[in-house]
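Worksheet: one structure, shown below.
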Amino acid sequence: QVQLVESGGGVVQPGRSLTLSCAASGISFPTSGMHWVRQSPGKGPEWVAVIWHDKTKKYYADSVKGRFTISRDNSENTLYLQMNSLRVEDTAVYYCAKDGPNWGRDLAYWGQGILVAVSS
Amino acid sequence: QTVVTQEPSFSVSPGGTVTLTCGLDSGSVSTNNYPSWYRQTPGQAPRTLIYSTNTRSSGVPDRFSGSIVGNRAALIITGAQADDESDYYCLLYMSPGILLFGGGTRLTVL
């Protein structure tokens, strides 16, 4: 079955960096677009970024543009999110998600999420 | 800044039918927004229910359906069951690199 397992979360100080990973299995990762979505405590989800299966396209939410970088290693079936210049408002559970059938327009499967807490 | 709107809460009786909607603060929702729907119970990851307005994700029972009603996307749940109690979120595609979630609807079955 589909498994998306996030790792790399934790507590970090404002201004510091953190890199999240998402290990995928049960899907054809090299042919799948992948997303990151986050959810702050008590709030609804917020879409963060998407990367095309072949890395040719990457898009970011305005709230993270210039600070976060999405990348992938198709040989390792792994998705990454490098987060720089972290802010308190980046505190959230971060989910990786497999792209739906509409090329970056929806989400098919979600990981279980990983908590990132930005605090001094 | 476009805002996606959903009813904050809704209540349905067991066995009843409920329609949750998803709109835009300015403009209409159409199939070009590729409306999709997700449900989430406390402490769990969201799960995909509907994509492309009205296509059920794998394993989703046919009690769940989607459509466009007027100028809003809709999630219709028929034969509501106790374990349908969840938060329901819609997602709209606005343009490449702009995907917006609604604020969610908390559904109570009682």
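The values are calculated or read from the model by the stated rules, or taken from the named source; none is laboratory data. Remember, it's a predicted structure, so these values are computed and weren't measured experimentally. Here the Cβ positions follow ideal geometry from the backbone for every residue, glycine too, while neighbour counts run over all protein chains shown.
Here are the numbers for the structure shown:
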| item | result |
| --- | --- |
| Some residue of the range A:45-56 being of a type in the set (G, A, S), surrounded by 15 or more Cβ atoms within 10 Å (Cβ to Cβ) and within 12 Å of the chain's Cα centre (by Cα) | yes |
| Residues of the range A:93-120 satisfying the condition of being more than 10 Å from chain B (Cβ to nearest Cβ), of a type in the set (A, V, I, L, M) and within 18 Å of A:R72 (Cα to Cα) | A:I114 |
| From A:W47, A:W36, A:W103, A:W52, residue being of a type outside the set (S, T, N, Q) and out of contact with any strand residue (DSSP E or B) (no Cβ under 9 Å at 6 or more places or on another chain) | A:W103 |
| Residues of the range A:66-84 classified as within 14 Å of chain B (Cβ to nearest Cβ) and either surrounded by 19 or more Cβ atoms within 10 Å (Cβ to Cβ) or under 18 Å from A:K98 (Cβ atoms) (or both), total | 2 |
| Test for A:S63: is it away from chain B (no Cβ under 14 Å) and of a type in the set (G, A, S) | no |
| Checking A:V64 against (1) over 23 Å from B:G104 (Cβ atoms); (2) part of a loop (DSSP other than H, G, I, E, B); (3) modelled with pLDDT of 95 or more, the condition it does not meet | (1) |
| The one condition in (1) surrounded by 13 or more Cβ atoms within 10 Å (Cβ to Cβ); (2) at pLDDT 95 or above; (3) closer than 26 Å to B:N54 by Cβ; (4) not aromatic (F, W, Y) that A:N102 fails to fulfil | (2) |
